[in-house]
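**Q** This structure is in structure tokens; I'll ask about it shortly.
The values are calculated or read from the model by the stated rules, or taken from the named source; none is laboratory data. All of these numbers come straight from a predicted model, not from anything done at the bench. Note that we place each Cβ from the backbone using ideal geometry, even for glycine, and neighbour counts take in every protein chain shown.
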Amino acid sequence: MTKNYLPMELKRLVESLSKLPGIGESTASRLALHLMRKPADLSVEIAKSLIEARKKVQTCPNCNNFMFEDECSCSDSSRDTSLLCIVENTVDVMSIENSGEYNGQYHVLQGLLSISQGINPQDLKINQLISRVKNKEFKETILATDPTSDGEFTAQYIYEKIKDYCPLITRIAIGVPIGSEVNYIDKNTLAKSLIDRRKIT
């Protein structure tokens, strides 16, 4: 069934779902029709969960990760405050946490630098990162952006900006295929890449 044959309300639902990353019109149509075939309770549950998340989950002003009730991992005393891992987004934080090989702090850039897409340093949380590194003595900063062209470009840009303020700057390495994305790498491979991270010179 194409979108042209859908009632207006379903068309709007498909259009809304297709705005999500990785979901095209065909997938959005399947999701919309799936929800319509299921009991209404499921749609109500999803809607309530989304509204509650939007109300209660906030962005940490320090690391840009999501936090709940003013509690964030960057203020967790059980974590190693001398380590800082720089990632593109919160999904990458979740992937690294699942690897079980890291217990330091994070800084979420909320994107990657991209010449082709016109994404510049001021569009991301890079200046905030530089200030954070300048004002705190991290013994190691790990650049864990994707090993794609944009990820490598972002990592190199950040390295040049913070190299005078951090004694050790490393890059996730072995086991991460060129062109891959951190959140799609299995936890064992990601764990290995963190263990075998290399120093940037």
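**Q** Taking the range 133-170 as the search range and keeping residues that are hydroxyl-bearing (Ser, Thr, Tyr) and assigned to a loop (DSSP other than H, G, I, E, B), which one is farthest from the chain's Cα centre (by Cα)?
**A** 165
**Q** Okay, moving on. Here is a list: 79, 54. Which entry is touching a strand residue (DSSP E or B) at 6+ places or on another chain (Cβ under 7 Å), closer than 30 Å to residue 154 by Cβ and charged (D, E, K, R)?
**A** 79
**Q** A further question on this structure: Out of the residues in the range 113-129 that are out of contact with any Phe, Trp or Tyr (no Cβ under 7 Å at 6 or more places or on another chain) and assigned to a loop (DSSP other than H, G, I, E, B), state the one that is nearest to residue 62 (Cα to Cα).
**A** 125
**Q** Take the range 11-23 and flag every residue that is modelled with pLDDT of 90 or more and either among the hydrophobic types (A, V, I, L, M, F, W, C) or exposed (fewer than 10 other Cβ atoms within 10 Å of the Cβ) (or both).
**A** 13, 14, 17, 19, 20, 23
**Q** Further question on the same structure: So in the range 68-97, with the set limited to residues that are surrounded by 15 or more Cβ atoms within 10 Å (Cβ to Cβ), of a type outside the set (Val, Ile, Thr) and assigned to a strand (DSSP E or B), which one is nearest to the chain's Cα centre (by Cα)?
**A** So the residue we want is 85.
**Q** Of the residues 108, 182, only one is at pLDDT 95 or above and of a type in the set (Val, Ile, Thr); which?
**A** Only one candidate qualifies: 108.
Residue by residue, here is whether (1) without any contact (Cβ under 8 Å) to a residue 24 or more places away in the chain; (2) assigned by TED's automatic domain parsing to the domain that holds residue 109; (3) over 11 Å from residue 112 (Cα atoms); (4) in contact with an Asp or Glu (Cβ under 9 Å, 6 or more places away or on another chain) holds:
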position	(1), (2), (3), (4)
130	no, yes, yes, no
146	no, yes, no, yes
152	yes, yes, no, yes
161	no, yes, yes, no
164	yes, yes, yes, no
167	no, yes, yes, yes
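**Q** Ok, one more. Kindly establish whether residue 44 is farther than 21 Å from residue 158 by Cα, loosely packed, with under 14 Cβ neighbours inside 10 Å and in contact with a Phe, Trp or Tyr (Cβ under 6 Å, 6 or more places away or on another chain).
**A** no
**Q** If only one of 82, 75, 43 is in the same structural domain as residue 169 (by TED's automatic domain parsing), at pLDDT 90 or above and of a type in the set (Ser, Thr, Tyr), which one is it?
**A** 82
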